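Novice: Please read through the structure below; I'll follow up with questions.
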Amino acid sequence: MTNEPLIYTVPAASLTLTTRDIEIALGYSDAAVPEYLPEMIDEALTVIQPLLDIRAGFRIYSGDDVSLSSDALSCRQTQLHIGRIIASRLRHSTSIAVFAATIGAQPETESHRLMEEGNMMGGFIVDTIGSAYAEATAEWIETNISAVAGLEGAANTNRYSPGYCDWLVKEQHVLFSLLPKGFCGISLTQSAVMLPIKSVSGIIGIGSGVKHEQYQCSVCDMQACIRKKLTDAHTHTHH
Amino acid sequence: MATTELLASLATCVERGKVNAKSPFPPDLKGQDGADEITVRVLAEGATPQEVLTQALMVGMNRVGEKFRDKNIFVPDLLMAARAMSASMVHLKPFFNSAEVRLRGTIVLGTVSGDLHDIGKKLVGMILEGAGWSIVDLGTDVPTQKFIDAVKEHPDCIVGMSALLTTTMASMEESVLQLKREFPATKVLVGGAPLTHEFAARIGADFYSPDPQGAVEYLNTISPMS
């Protein structure tokens with residue numbers, strides 16, 4: 001497995017996002033979709049697609065470069081305090097892929113522009129589509145990492161990001177130190193916000209003894225977890 | 001149609017997001033007058049601007065806030081309701097500088113230093129505006145001094161702070177601490193996805209709610225409106 005950083009320019013057409021995907025992202029998984037919304041989503045998709053500058057990449061650390069403890073991961077001399085839950089999920093990994101993905105800054109700029117013009121609805125829909133594209137890009141890079149792992153007969157874990165499962169957001173700085181400076185055009189603010197905002201970063205474990213699991217927020221008691229709150233809200237909507 | 005019926009219709013227009021007669025949404029109200037036309041009519045029938053605000057717009061927006069809290073509607077529905085309310089408010093704005101429209105007070109809103117998230121705060125602002133508050137939005141990445149300056153400019157205001165990252169919760173703590181040191185009587189509300197009641201209590205904030213309607217209900221107790 002190569003240890004060289006790999007960066008891809010991802011054509012928007014490789015990421016299939018439908019009107020229905022965005023309706024679900026806006027909350028309408030079960031609830032009736034307002035009549036006006038599909039047309040607004042289609043219009044926003046048309047607006048956002050030419051603005052996408054999608055880049056994603058990863059770097060794999062393997063063998064002696066990687067060591068795991070009960071709550072931390074070391075890649076060479078750099079230690080990530082990933083917490084016990086993620087560490088247990090990464091157990092049996094023989095390699096770690098550190099990844100980042102972004103859709104560029106323009107969709108965010110367009111969303112702000114629309115809102116400043118007083119078009120909150122348009123701005124919000126563009127923002128939601130941007131988030132959906134960022135997540136789809138992370139999915140795309142995970143699929144690529146999975147393919148690389150598969151070539152050597154290995155499997156991969158889920159992807160894990162700072163901010164989830166007791167892994168503090170501030171560790172973004174440590175995570176990005178494992179990637180070349182300005183990787184995929186992403187920079188960090190002092191408070192660990194990725195710029196462009198519509199970016200995703202994280203790690204994926206690789207090895208013959210690891211597996212991809214259903215994401216189980218129930219095993220974590222982190223009160224400040226955004227993902228958990230969103231998942232609970234989603235569950236609440238369903239039931 | 002009597003004034004009370006028109007006010008009730010206007011509340012429904014806000015609740016359902018019926019902006020004006022041209023708007024084809026919602027389909028069951030297609031072709032009917034919306035918030036725009038009904039506001040003109042009800043004012044012409046003799047309703048006071050204050051009655052329009054308190055007996056129609058705030059009633060409609062309160063229903064919207066409750067449905068949003070209960071996850072029966074989502075952000076687009078909320079934004080459509082806000083559009084309908086804005087269409088009505090256009091006709092009330094001329095009365096704002098006279099004593100004919102009394103708002104509950106002023107709320108200064110801002111996303112704390114280091115945090116660039118804007119949309120959640122804007123949505124809260126819309127719901128609070130619909131509850132009869134004047135909103136001063138300081139934007140994102142707001143340093144503590146800017147909150148303090150805003151309180152000096154609006155001495156009886158309430159302050160609302162937002163943070164969406166665990167890394168910027170520390171900024172929020174610092175801002176609340178300094179603001180309370182200088183203005184102990186100023187009420188400070190906090191919100192944002194990673195926050196908890198425990199965190200809000202620890203940093204000395206007066207109130208935290210996971211949803212905007214909770215803030216509306218808390219603020220109603222501070223500043224009831226007849």
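The values are calculated or read from the model by the stated rules, or taken from the named source; none is laboratory data. Nothing here was measured: the structure is a model prediction, and the numbers come from that model. Reconstructed Cβ throughout: ideal geometry from the backbone, glycine too, with neighbour counts over all protein chains shown. Calculation scope for accessible area: heavy atoms of the full protein, side chains included, ligands and nucleic acids excluded. Shrake-Rupley method; radii C 1.70, N 1.55, O 1.52, S 1.80 Å.
Novice: What dipole magnitude, in Debye to the nearest 20, does region A:106-218 give about its Cα centre under +1 on Lys/Arg Cβ and -1 on Asp/Glu Cβ?
Specialist: 280 debye
Novice: A further question on this structure: What percent does the relative contact order of region A:37-154 come to when contacts are Cα pairs within less than 8 Å and at least six residues apart?
Specialist: Averaging sequence separation for qualifying contacts and normalising by length gives 29 percent for region A:37-154.
Novice: What are the ³J(HN,Hα) values, in whole Hz, obtained from phi via the Karplus relation 6.51 cos²θ - 1.76 cosθ + 1.60 with θ = phi - 60°, for each residue of region A:164-174 in sequence order, with x given for Gly and Pro?
Specialist: 10, 6, 6, 8, 5, 4, 4, 6, 3, 4, 5
Novice: Give me the 1.4 Å probe accessible area per residue for region A:1-52, excluding ligands and nucleic acids, in Å².
Specialist: Ligands and nucleic acids excluded, the result is 53 Å² per residue.
Novice: May I ask you to derive the relative contact order of chain A, considering only C-alpha pairs under 8 Å and at least 6 residues apart, and to give it as an integer percent?
Specialist: Over chain A, the number comes to 24 percent.
Novice: At 1.4 Å probe size, with the rest of the protein present, what percent of the exposed accessible area of the protein assembly as shown is carbon and sulfur atoms?
Specialist: For the protein assembly as shown, the apolar C and S fraction of the accessible surface comes to 52 percent.
Novice: Next up: Extension gain A:Asn119-A:His92, at 0.36 nm per residue separation less the Cα-Cα distance, in nm?
Specialist: Between A:Asn119 and A:His92, full extension yields 4.7 nm more.
Novice: A further question on this structure: What number, in nm² with one decimal, is the all-direction average of the projected area of the convex hull of the alpha-carbon atoms of the protein assembly as shown?
Specialist: So the Cα hull casts an average projection of 23.1 nm².
Novice: Using 0.36 nm times the number of residues separating A:Glu139 and A:Ser29, minus their current alpha carbon distance, what extension gain do you get?
Specialist: Taking 0.36 nm per residue and subtracting the Cα distance, the gain is 37.6 nm.
Novice: Just counting partner chain Cβ atoms within 10 Å, what average do the residues of peptide A:118-125 show around their Cβ?
Specialist: 5
Novice: Tell me, how many Å apart are the Cα centres for region B:178-196 and for region A:89-130?
Specialist: Each part's Cα centre sits 29 Å from the other's.
Novice: Rounded to the nearest 0.05, what FRET efficiency is calculated for A:Ala105 and A:Asp64 with R0 set to 30 Å and r the Cβ-Cβ distance?
Specialist: 0.20
Novice: Here is a follow-up. Once you have the alpha carbon radius of gyration of chain A, what is it after dividing by 2.2 N^0.38 Å, with N set to its residue count?
Specialist: Computed over Cα atoms of chain A, the ratio equals 1.04.
Novice: Still on this structure, please answer the following. Expressed in nm to one decimal, what extension gain is obtained for the pair B:Met1 and B:Gln145 from 0.36 nm per residue of sequence separation less their Cα-Cα distance?
Specialist: Separation in residues times 0.36 nm, less the Cα-Cα distance, equals 46.6 nm.
Novice: Suppose R0 equals 45 Å; then what is the FRET efficiency for A:Leu168 and A:Asp21 from their Cβ-Cβ distance, rounded to the nearest 0.05?
Specialist: 0.90
Novice: Then there's this: State in Å² the accessible area per residue of region B:99-226; use a 1.4 Å probe, count heavy atoms of protein chains only, and round to the nearest integer.
Specialist: Heavy-atom accessible area per residue stands at 40 Å².
Novice: Then there's this: Measure off 7 Å from each Cα along the Cα-to-Cβ vector at B:Ala44 and B:Ser134, then give the distance between these two points in nanometres to one decimal.
Specialist: Simple spin-label model gives 3.0 nm for this pair.
Novice: Oh, and also: Residues with amide H under 5 Å of B:Lys71's amide H, sequence separation 5 or more or different chain, H placed in the peptide plane at 1.01 Å from N; which?
Specialist: none
Novice: List the residues of region A:31-52 whose accessible area drops by at least 30 Å² when all protein chains are present, compared with their chain alone, using a 1.4 Å probe and counting only protein heavy atoms.
Specialist: Flagged in region A:31-52: A:Glu35, A:Tyr36.
Novice: OK, next. Can you give the Rg to Rh ratio of chain B, both from alpha-carbon atoms, with Rh computed by the Kirkwood formula?
Specialist: When Rh is taken as the Kirkwood radius, the ratio is 1.01.
Novice: From the C-alpha coordinates alone, can you work out the Kirkwood hydrodynamic radius of region B:160-226, in Å?
Specialist: By the Kirkwood definition, the hydrodynamic radius is 12.3 Å.
Novice: Per-residue ellipticity at 222 nm for chain B, helices alone: DSSP H runs ≥ 4 residues times -39500 (n - 2.57), over residue total, nearest 500 deg cm²/dmol?
Specialist: Taken over chain B, the calculation gives -15500 deg cm²/dmol.
Novice: Provide the FRET efficiency to the nearest 0.05 for the B:Glu153-B:Ala99 pair, computing r from the beta carbons and using R0 = 25 Å.
Specialist: 0.70
Novice: Right, something else. In degrees between 0 and 90, to the nearest 10, how far off the longest principal axis of chain B does helix B:75-92 point, with axes built from Cα atoms?
Specialist: Relative to chain B, helix B:75-92 is tipped by roughly 70 degrees.
Novice: DSSP H helices in chain A with Cα extent of 20 Å or more along the helix axis and mean Kyte-Doolittle hydropathy at least 0.5?
Specialist: A:120-151
Novice: Count the lysine pairs in chain A whose Cα atoms lie under 20 Å apart, taking only pairs 8 or more positions apart in sequence or on different chains.
Specialist: Close lysine pairs under the 20 Å cut-off: 7.
Novice: Please list, ordered by chain and number, the residues whose modelled amide H lies under 5 Å from the amide H of A:Val66; skip anything fewer than 5 residues away on the same chain.
Specialist: Placed amide hydrogens put A:Arg76 under 5 Å from A:Val66.
Novice: Name the residues of region B:4-37 whose accessible area, probed at 1.4 Å, falls by at least 20 Å² once all protein chains are in place instead of their chain on its own?
Specialist: When all protein chains are present, B:Phe25, B:Pro27 each give up 20 Å² or more of accessible surface.
Novice: To continue, here is another question. Counting only residues 5 or more places away or on other chains, whose amide H sits under 5 Å from the amide H of A:Tyr8 once H atoms are built in the peptide plane?
Specialist: Answer set, sorted by chain and number: A:Ala56, A:Gly57.
Novice: Could I have the simple spin-label model distance between B:Arg181 and A:Lys211, label points 7 Å from Cα toward Cβ, reported in nm to one decimal?
Specialist: Once both label points are built, they end up 5.5 nm from each other.
Novice: Hey, another quick one. ³J(HN,Hα) across region B:38-47 via Karplus (A = 6.51, B = -1.76, C = 1.60, θ = phi - 60°), whole Hz, x for Gly/Pro?
Specialist: Couplings: 5, 4, 4, 5, 5, 5, 5, 6, x, 5 Hz.
Novice: Which residues belonging to region B:115-144 lose at least 20 Å² of 1.4 Å-probe accessible area when the assembly is complete, relative to their chain isolated?
Specialist: Residues losing area: B:Leu116, B:His117, B:Asp118, B:Ile119, B:Lys122, B:Met126.
Novice: Here's something else I'd like to know. Give the residue from B:Ser9, A:Pro11, B:Leu179 lying farthest towards the positive end of the charge dipole for the protein assembly as shown; charges sit on Cβ (+1 for Lys and Arg, -1 for Asp and Glu) and the dipole is referred to the Cα centre.
Specialist: B:Leu179
Novice: Can you compute the modelled spin-label distance between B:His197 and A:Asn3, with each label point 7 Å from Cα toward Cβ, in nm?
Specialist: The answer from the label model is 5.2 nm.
Novice: Mind checking how much accessible area B and A bury in total, 1.4 Å probe, in Å² rounded to 100?
Specialist: Rounded to the nearest hundred, the buried surface is 2600 Å².
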